[in-house]
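The values are calculated or read from the model by the stated rules, or taken from the named source; none is laboratory data. The structure displayed is predicted, hence computed values, not measured ones. FYI the Cβ positions are ideal-geometry reconstructions off the backbone, even for glycines, and counts take in every protein chain you see. We work out accessible area using only protein heavy atoms, side chains counted, and drop any ligands, DNA or RNA first. Shrake-Rupley method; radii C 1.70, N 1.55, O 1.52, S 1.80 Å.
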Amino acid sequence: MSSRKLSTGVGVLDRQLNGGLPAGSVVSYVAPPESQAELLLFELTRARDTLYVTTDRTEQAVRDTLEAAGISSDVRVSYVAGDMPLENARDVFRDLGEESNLIIDPVDVLENADRTRYRNFLNSVRNHMYNTGSIAMLHCLDGNRTPDQRDTTLHMADVVLDLQMRYDGSDLVTHLAVPKLRGGKALDETVKLQLSDEVRIDTSRDIA
């Protein structure tokens, strides 16, 4: 990783991270599947050129969602499927340009591969991010079933973002934790978010 920082697209979060995410980093973004977690991915696409790799929804479904969110049509969307998802995913990001985003949403399909092959895949992602000064965002669904290689993903990631939700009476409270920031300082406190149609920072205070 370099000391250069790239924006997350959310100004307050960038300030919490002392400028953004380190260029050249691989980020694991862990979030409940029922959350509006993709809104943070959308903000990232606003910040720079993006290759959006989808492993479950069709390319058209992702494009429709991006369009509804007011995201530029310049975002490249690629659907990875077939019997060799790791190889197919590797093929699509080889031409990723300088200071770009690689989003894999979700990474769960790839995490069910053989550990050695999956680790080699993550190393190839890491090398490409380093060489291009880009950011890879691996969207990790935190549901009832944990993929085989989730621990490998979290261990090899340079940054871990952990989106947590809870209900407080009739209110839905969402917090973003940054427990891991390799080469930097992890956040001591969570960032309270409002995720509705866009990412907002919630300035209200939790009262115990």
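Of all residues being over 22 Å from Leu44 (Cβ atoms) and in contact with a helix residue (DSSP H, G or I) (Cβ under 9 Å, 6 or more places away or on another chain) in the range 115-130, which is least open to solvent (accessible area, probe 1.4 Å)? Just the residue, please.
Looking at the filtered set, the residue picked out is Tyr118.
Within the range 55-74, can you find the residues that are within 14 Å of Phe42 (Cα to Cα) and open to solvent by 60 Å² or more (accessible area, probe 1.4 Å)?
Within the range 55-74, Arg63, Asp64, Glu67, Ala68, Ser72, Ser73, Asp74 meet the criteria.
Taking the residues in the range 101-112 that are under 23 Å from Pro22 (Cα atoms) and among the aliphatic types (A, V, I, L, M) as candidates, determine which candidate is surrounded by the fewest Cβ atoms within 10 Å (Cβ to Cβ).
Leu102
Applying the selection to the range 31-57, what residues are touching a strand residue (DSSP E or B) at 6+ places or on another chain (Cβ under 6 Å) and more than 18 Å from Ala136 (Cα to Cα)?
Result: Pro32, Pro33, Ser35, Gln36.
Looking only at the range 188-208, which residues are part of a loop (DSSP other than H, G, I, E, B), modelled with pLDDT under 90 and either buried (at least 16 other Cβ atoms within 10 Å of the Cβ) or touching a Leu at 6+ places or on another chain (Cβ under 7 Å) (or both)?
Glu198, Asp202
Quick one: what pairs do we get from the range 78-100, first residue over 20 Å from Leu6 (Cα atoms) and open to solvent by 40 Å² or more (accessible area, probe 1.4 Å), second among the acidic types (Asp, Glu) and modelled with pLDDT of 95 or more, C-beta under 8 Å, 6+ apart or different chains?
Tyr79/Glu59
Considering the range 160-186 alone, what residues qualify as being assigned to a loop (DSSP other than H, G, I, E, B) and within 17 Å of the chain's Cα centre (by Cα)?
Arg182, Ala186
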